[in-house]
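Where a number appears in this text, it was derived from the coordinates with a stated rule and is not lab data. Being a predicted model, the structure only gives us computed values, none of them experimental. Methodologically, a virtual Cβ is constructed for each residue, glycine included, from the backbone with ideal geometry; neighbour enumeration extends over all protein chains shown.
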Amino acid sequence: MILRRVIEHVREQNWTAVGLDFVIVVVGVFIGIQVSNWNDARVLRGEERVYLDRLHRDLTRSVDVSASSQRFDRSQAQLEAAILEHVSTCEWTDKARTDLVTGAYLVGKFSPISLRRGVVDEMLSSGKLSVIRNDDIRFALADLLGKVDGDQGILDQMVIRAAPHVAYIEERIVFRFTLSDDIVTLADVVVPPDRAQVNYDELCGDERYAAAISAIRNMTQQRVRNEAELRKRYLSLIHAIEAELGYSPAREEAEAA
């Protein structure tokens with residue numbers, strides 16, 4: 001229709017009409033492009049919001065997992081400190097025996113890295129990280145992933161370094177039990193002294209045993225510090241995402257834990 005009108009106007013040498021037809025075509029094309037761009041932008045913003053919401057949920061879950069990890073690692077460090085005290089004083093009360101047997105069973109069991117990475121890995125593999133427009137969130141997420149990768153490398157090295165210490169500690173005790181079905185996590189484990197065979201007095205003069213416990217305790221404390229820093233970054237990124245999305249779920253309990 002437009003082309004026919006232009007041809008007719010050219011034949012009639014009606015240049016004003018030709019000019020108007022040209023303007024109509026240009027404006028129509030421009031509006032069409034703008035509508036398409038606006039629609040594409042709307043789709044991208046919707047996709048961004050979905051990813052941010054899912055990332056928020058993964059990070060919230062990571063905060064909870066991190067809290068559990070820190071409780072376990074702190075409990076480990078306390079048990080290891082107690083064992084060092086008991087082998088130093090050589091006073092074997094029922095509590096001291098329980099501390100040693102339980103601590104020996106759990107020694108060298110470090111908590112894993114707490115980040116739930118489902119959405120992050122999906123975004124990285126599909127190239128969707130650029131969907132997030134907020135530079136601060138993208139940079140904070142990149143820093144967090146770098147921190148996680150670094151901590152995973154440290155944890156892998158800890159496991160390797162702890163192995164000979166754990167092996168020596170386990171040589172000094174024989175366990176006679178299996179975990180019951182009602183044990184949900186290792187943090188719930190308490191081993192009664194009568195479920196293990198150990199020469200307590202012999203351990204008092206065993207400097208290598210004390211050195212092994214001390215070395216692993218230092219690694220456990222490092223895990224506590226690393227996980228505490230990760231948790232701070234989770235919370236910071238959660239707050240940034242909440243500000244971007246325009247909502248602020250209550251996180252007071254998680255932050256106070």
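Spin-label model, VAL50 to VAL198: label points 7 Å out along the Cα-to-beta-carbon direction sit 5.4 nm apart.
Could you list LEU84, LEU100 so that the one with the fewest beta carbons within 10 Å of its beta carbon is first and the one with the most is last?
Fewest-to-most Cβ neighbours within 10 Å comes out as LEU84, LEU100.
Residues SER126, SER75, SER236 in ascending order of nearby Cβ atoms (within 10 Å, fewest first): SER126, SER236, SER75. Tell me whether segment 52-125 comes out rounded, prolate or oblate; compute the Cα gyration tensor, take square roots of the eigenvalues as a ≥ b ≥ c, and use a/c under 1.5 as the rounded threshold. The shape class here is prolate.
Estimated at 0.36 nm per residue, the fully extended path between ASP64 and THR89 surpasses their Cα-Cα distance by 5.2 nm.
Model label points for ARG71 and ARG208, set 7 angstrom from Cα along the Cα-to-Cβ axis, are 3.8 nm apart.
The local environment of ARG71, defined by Cβ-Cβ distances under 14 Å, has a net charge of 0 under the rule Lys, Arg +1 and Asp, Glu -1.
Neighbours of SER62, meaning other residues whose beta-carbon lies under 10 angstrom from its beta-carbon, give a summed charge of +4 when Lys and Arg score +1 and Asp and Glu score -1.
Listed values for segment 99-107 are Karplus-derived 3J(HN,Hα) couplings in whole Hz (6.51 cos²θ - 1.76 cosθ + 1.60, θ = phi - 60°), namely 4, 5, 5, 5, x, 5, 5, 8, 4, and x replaces Gly and Pro.
Sparse packing (at most 14 other Cβ atoms within 10 Å of the Cβ) combined with a DSSP loop state is found for none of the GluC sites (Glu not before Pro) in segment 187-229.
Looking at the square roots a ≥ b ≥ c of the eigenvalues of the Cα gyration tensor of segment 188-245, which shape do they give, rounded for a/c under 1.5, prolate if a/b is larger than b/c, or oblate? Oblate, since a/c reaches 1.5 and b/c is not below a/b. Exposure proxy ranking for MET219, MET123, based on other Cβ atoms within 10 angstrom of each Cβ and starting from the fewest, stands as MET123, MET219. Amide H contacts under 5 Å for PHE175: GLN197, restricted to partners 5 or more places along the chain or on a different chain, H placed in the peptide plane at 1.01 Å from N. Counting Lys and Arg as +1 and Asp and Glu as -1 over every other residue whose Cβ lies under 11 Å from the Cβ of ASN199, the net charge comes to -2.
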